[in-house]
Structures are given as structure tokens and as C-alpha cells.
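S.K.: The structure is given below, and queries will be raised subsequently.
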Amino acid sequence: MSSPLPAPAEIVTRFAPSPSGLLHLGHAHSALFAWQQARAAGGRFLLRIEDIDLGRCRPEFEAAILEDLAWLGLDWEEPVRRQSAQLADYRQALERLQKRDLLYPCFCTRKEIQAEIARAGSAPHGPEGPLYPGLCRPIPPQEARERVAAGEPHALRLDMARAVEMAGDLLWLEQGQETRAEPESLGDVVLARKDIATSYHLAVTWDDALQGVTLVTRGADLLPATHVHRLLQALLGLPVPRWHHHGLLTDDSGRRLAKRDDARALRTLRETGHGPAEVRAMAGFPGVPAP
Ligand code: GLU
């Protein structure tokens with residue numbers, strides 16, 4: 001069993017929003033959480049813009065994020081890393097995995113995947129819905145290479161069974177608690193999307209390592225993804241951080257806050273006369289940052 005590293009000497013945290021909408025109170029909670037963890041330990045706080053979803057991310061949202069976070073009273077190290085500018089890095093990571101024969105091209109459309117899941121009847125489910133049913137996994141390598149060379153659109157998927165076998169048992173520390181990695185529950189995840197040669201799992205894991213993040217903090221909704229990230233760290237030979245997944249803010253009726261919930265957008269709160277200290281308190285951090 002490969003053990004997680006001992007607690008690092010320096011705490012480095014980050015807030016990594018996607019500029020696909022305005023920040024709301026839930027994001028403020030996440031950002032303040034990461035900021036406070038770093039500050040309380042005399043560590044460093046980073047901001048990273050996760051803008052690989054080219055269809056949904058917009059420069060004006062990125063500008064709004066920077067402005068809203070500064071208004072909230074946060075500061076971060078420069079330069080801010082922007083994922084869409086790091087594709088060469090992600091290619092390097094993909095090549096490492098490719099060399100170990102851990103990736104395969106997937107030519108499926110969403111429709112084909114859905115049809116296969118419906119046909120199979122009892123498709124295995126993960127925390128985020130039905131798993132990829134493996135349609136492209138058995139394509140002979142030569143045929144796959146030819147289709148790729150002919151320019152057929154494809155994603156790259158991780159051969160999960162092979163990856164897990166190669167990595168062996170893995171542990172990670174969630175709030176100091178040893179947790180066994182169970183990445184199989186997410187199936188053959190996409191590591192390079194059809195439209196951009198990376199994915200959330202790949203980019204976030206690579207960047208956290210490259211930027212020296214030692215404590216990954218984020219909402220509990222992303223906890224299932226951590227199992228895959230721990231596996232990728234092992235496969236890519238990356239350092240292993242610690243994790244703290246925090247609870248999610250809910251609205252008055254107990255529903256999770258969503259980006260589309262404009263009433264709780266920091267921008268709206270600000271425009272309707274709320275000050276930064278009040279918004280920090282609404283986000284669960286009264287008295288932070290300390291005056
Ligand atoms: N970019 C992700 C999001 O906005 C968060 C990534 C992370 O914290 O790991 O949901």
C-alpha cells in the first residue's frame with residue numbers, strides 16, 4: 001500500500017473557479033475557506049482560472065471573478081495560472097500516460113453512449129450517473145490509430161481497469177483521515193476532451209502538482225473526483241497533497257446554490273448595497289479577513 005506523504009512544511013492552497021458565470025456565495029465560501037486555511041498557517045494562496053470549457057467560459061466572467069474576489073478582500077499570488085494557456089503541459093502528461101498504454105481514443109458521440117446505456121439496461125452507475133459503457137475500448141490499436149490519423153474526432157479515455165492494476169492500492173488524506181482511493185467508481189474517465197486536449201481531471205491534477213499545492217480545498221460535490229486525481233498522481237509520479245472538502249452552502253429552502261442563482265451572485269449583492277464584510281459573513285466567514 002502506498003502511503004500518503006507526511007504533512008508538508010508549507011501550506012499552499014488555491015481557489016480554482018471556472019469563468020462560466022458570475023461568482024455566488026458558494027464560491028465566496030470556497031475562496032474564503034482556501035484563503036483562510038493558507039493565511040492561518042502562514043502559507044500561500046493561489047488563484048487559478050479553469051477555463052478549458054471553451055464553449056462556456058468567457059473573458060468577461062474571468063474579469064468579474066478577479067474583481068469580485070478583490071472586492072471581497074482576498075489577495076493572491078501573481079501570475080494567475082489560466083488553464084487554456086497550458087495545453088503543452090497537459091500534452092506532456094497525456095504522453096506519459098500514452099507511453100504506459102493507459103489511454104484509448106473514444107470516437108463515441110454523446111448520443112451513441114446514451115443509446116448503448118439504454119440498450120444494456122443495467123449499466124454500472126458512478127456518483128455522477130451511468131459509467132461509460134466501454135464501446136471504444138476493444139477497438140484494435142491499429143484501427144484506432146488509423147481513425148485518429150484520418151482526423152476522426154475523438155476523446156482520450158483512461159483505461160481504468162489497467163490503470164488501477166498498475167497503480168495498486170492507494171490512500172489519500174481527507175481532513176487527516178486515511179481514505180482508500182476507489183477510482184473504479186468513475187469508470188473510464190475522459191482525460192482529453194474532443195474539443196480540447198485536456199479535461200478537468202487531468203488539468204486540475206497536473207496544475208495542483210505543478211503549482212505546489214499542498215492542501216486542496218473545494219466543495220464536497222467534487223469529492224468523487226478526488227479518487228481519480230489520486231490515481232493520476234500515482235500514474236504520473238506527482239506529489240500527493242492533502243484534501244479538505246468542505247460542506248456546500250444552501251439557500252433558505254436547503255437547496256444547493258447554483259451559478260444561475262443570480263440573487264446570490266456577489267455582483268448582485270454588491271449592487272444592492274451589501275458590503276464586503278456583510279457578504280463574507282453571509283458566506284460563512286464573519287470577521288475574515290481580519291482587519
Ligand atoms: N474549476 C472547478 C469548478 O469551478 C473547481 C476545481 C477544483 O477546485 O478542483 O467547479
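S.K.: Nearest 10 degrees, 0 to 90: what angle lies between the long axis of helix 87-99 and the longest principal axis of the chain (Cα atoms)?
M.R.: In the chain, helix 87-99 runs at an angle near 40 degrees to the longest axis.
S.K.: So, one more: Take the chain, connect every pair of alpha-carbon atoms lying under 10 Å apart with a spring to form a Gaussian network, then pick out the residue of Q83, Q37, Q142 with the largest mean-square fluctuation.
M.R.: Q142
S.K.: How many Å² of accessible area per residue for the chain, probe 1.4 Å?
M.R.: Numbers: 14090 Å² over 291 residues.
Dividing the accessible area of the chain by its residue count gives 48 Å².
S.K.: Please report how far the C-alpha centroid of region 151-180 lies from that of region 182-235, rounded to the nearest whole angstrom.
M.R.: When both Cα centres are located, 9 Å separates them.
S.K.: Further, regarding this structure: With a point put 7 Å past each Cα toward its Cβ, work out how far H274 is from Q175 in nm, to one decimal.
M.R.: Using points 7 Å along Cα→Cβ, the separation is 2.5 nm.
S.K.: Something else: Sum -39500 (n - 2.57) across every DSSP H segment of at least 4 residues in the chain, then divide by the residue count to get the 222 nm mean residue ellipticity, nearest 500. Intermediate values should be presented prior to the final figure.
M.R.: Working: 10 runs with 109 residues, N = 291.
Roughly -11500 deg cm²/dmol at 222 nm, from the helical runs in the chain.
S.K.: Further question on the same structure: Mind grabbing the accessible area of R230 for me, 1.4 Å probe, Å², rounded to tens?
M.R.: Around 10 Å² of this residue is reachable by solvent.
S.K.: Next question, about the same structure. Compute the distance in nm between two label points, each set 7 Å from the Cα along the Cα-to-Cβ direction, one at L135 and one at E77.
M.R.: Here the answer is 4.4 nm between the modelled labels.
S.K.: In terms of the ratio Rg/(2.2 N^0.38 Å) built on C-alpha atoms, what value belongs to the chain? Show your work: numbers first, answer last.
M.R.: Values: Rg = 20.1 Å, N = 291, 2.2 N^0.38 = 19.0 Å.
Dividing the Cα Rg of the chain by 2.2 N^0.38 Å gives 1.06.
S.K.: Heavy atoms of the protein only, probe of 1.4 Å, neighbouring chains included. What is the accessible area of H244 in Å², nearest 10?
M.R.: Here the accessible area works out near 40 Å².
S.K.: Measure nothing fancy, just the Cα-based angle from helix 110-120's long axis to the longest principal axis of the chain, in degrees from 0 to 90, nearest 10.
M.R.: The helix 110-120 is inclined about 70 degrees to the chain.
S.K.: Quickly rank 16-23, 64-71 as a protection proxy: mean count of other C-beta atoms within 10 Å, highest first.
M.R.: Values: 16-23: 20.8, 64-71: 17.6.
Ranked by mean Cβ neighbours within 10 Å, highest first: 16-23, 64-71.
S.K.: Cut-off 10 angstrom, C-alpha nodes, Gaussian network model of the chain. Which of R180, R110, R157 fluctuates the most?
M.R.: R110
S.K.: Could you tell me the distance between the Cα centroids of region 103-124 and region 7-39, to the nearest Å?
M.R.: Here the answer is 35 Å between Cα centres.
The values are calculated or read from the model by the stated rules, or taken from the named source; none is laboratory data. Remember, it's a predicted structure, so these values are computed and weren't measured experimentally. Neighbour counts run over all protein chains shown; Cβ positions are idealised from the backbone, glycine included. Please note that ligands, DNA and RNA were not included when accessible areas were found on the heavy atoms of the full protein model with its side chains. Shrake-Rupley method; radii C 1.70, N 1.55, O 1.52, S 1.80 Å.
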